[in-house]
Amino acid sequence: MEFWVGASFAETREYVPMAQAADRLGYAAIALSDHFFYTDYKASYPYSDKGGPPYKPGTHWPDVWVTVGAMAAVTERVRFASNVYIAPARDLFTVAKSVSTAAVLSGDRTILGLGVGWCEDEFVQTGQDFRTRGKRLDEMIPVLQELWKGGTVEHHGTFFDFDPLSIAPVPAKPIPLYFGGDSDAALRRTAR
């Protein structure tokens, strides 16, 4: 059995000392949540009777991968996970580069927890299509895995289309992928 620290809603300045304590006390991992901003959401939070999210304006949402880099610099053993990272709200190369860099800086102690997200507002503001988020994530996953192997990658798909290129740095070993969500599509993605 592993014990993880769920670090949602912590203030940004608390993450580094939290990571040091988790490392010292033997926790297996620290899980960080992902949101861009707070607004008067048009989207309804699906896990609330009233439709509002369980956080308020001013809740800290530091960038997951910048925070992982800071925590990794002061720890030796504890792993770092996104819980969950809404990759389809971002472009493919931002996800590939951010996660790969965090994995390298942490000595391959990074876990990528993925989900499609509930908040259409975030997709609108980042210029990503909310309606195709699941299909884009499904196409994104194998492309990310190829990019993280190093070497030249070319992809011509439905949502992502690029000629031969490579990214660096890349991790020494595959980044573990975990999936969040309770829809039928999320469960099928997890099984795959």
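The values are calculated or read from the model by the stated rules, or taken from the named source; none is laboratory data. Please read all numbers here as calculations on a predicted model, not as lab measurements. With ideal geometry, Cβ positions are generated from the backbone for all residues, glycine too; neighbour counts draw on all protein chains shown. Only protein heavy atoms, including side chains, enter the accessible area calculation; ligands, DNA and RNA are left aside. Shrake-Rupley method; radii C 1.70, N 1.55, O 1.52, S 1.80 Å.
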The number of Lys pairs in the chain whose alpha carbons lie under 17 Å apart, excluding pairs fewer than 8 residues apart on one chain, is 5
Under a Gaussian network model of the chain whose springs join Cα atoms within less than 10 Å, the largest fluctuation of 181, 150, 52 belongs to 52
Between residue 77 and residue 40, the two model label points (7 Å from Cα along the beta-carbon direction) sit apart by a distance in nm of 5.0
Cα extents of segment 1-68 along the principal axes, largest first, in whole Å, come to 42, 27, 16
Ignoring ligands and nucleic acids, residue 63 exposes an accessible area, probe 1.4 Å, in Å² to the nearest 10, of 80
Of the convex hull drawn through the C-alpha atoms of the chain, the volume per residue in Å³ is 128
Once 35, 156 are ranked on solvent-accessible area with the largest value leading and a 1.4 Å probe, the list reads 156, 35
Hull surface over four for the Cα convex hull of segment 44-134, reported in nm², is 6.8
Listed residues 111, 141, 86; largest mean-square fluctuation, Gaussian network over the chain with Cα springs below 10 Å, found at 141
